[in-house]
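This report refers to the structure that appears directly beneath it.
Quick note: the coordinates plus some simple rules give every number you see, no bench work behind them. Small disclaimer: the values here were computed from a predicted structure and weren't measured. So basically every Cβ, Gly included, is an ideal-geometry build from the backbone, and we count neighbours across all protein chains shown.
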């Protein structure tokens, strides 16, 4: 059975919304017209009316989709327009239903198709850590993500996640290393100042250790 992708899910949700909002008014309008001309005999047309309403909804959906494609072709004729942010509705639905392993596999499939998809990697790492209780796997994903060309914001997200992970798992040395990296890479920010203070606190708790972390 073919798995629905995010685009399929969005299309189906839109069609369902259109049916809910447009269907009843169309049926009522057809019923009023038929009652005007044929009286109570308008009940004979219920089945044809349902079929006509379905065709109208499908036609409107097709017209709107075609209009959107035409507008996209006009606005971005080269196909190089800014792409819409990717949605992860299928994966989020799996998480809500408690299918954590399957959701993780979905994220891995996305990463296999888009190796530079940083967002998918971060989502996978968070899922492994918080729901799958796989801190080792989460750390590996975070560290692999760091090898990509990250923006400053993405680097901060990964570093902060690793700091939290090492704090929860009690990995003191790795925590100190991440705090030191945060203070250097994001110097001048509140995050760096907080990392520096926390690193100093950890060092003061263990006076036998050196204060510098590479």
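The table for this structure:
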{"read-out": "Relative contact order, percent, the range 89-205 [alpha-carbon distance under 8 Å, six or more residues apart]", "value": "14 percent"}
{"read-out": "Approximate spin-label separation residue 112-residue 35, in nm, with each point projected 7 Å along Cα-to-Cβ", "value": "5.7 nm"}
{"read-out": "Pair residue 101, residue 52: separation of 7 Å Cα→Cβ label points (nm)", "value": "5.4 nm"}
{"read-out": "Cα-projected label distance for residue 22 with residue 131, points at 7 Å along beta-carbon direction, nm", "value": "3.4 nm"}
{"read-out": "Packing-based order for 193-202, 121-130, using average beta carbon neighbours within 10 Å, highest first", "value": "121-130, 193-202"}
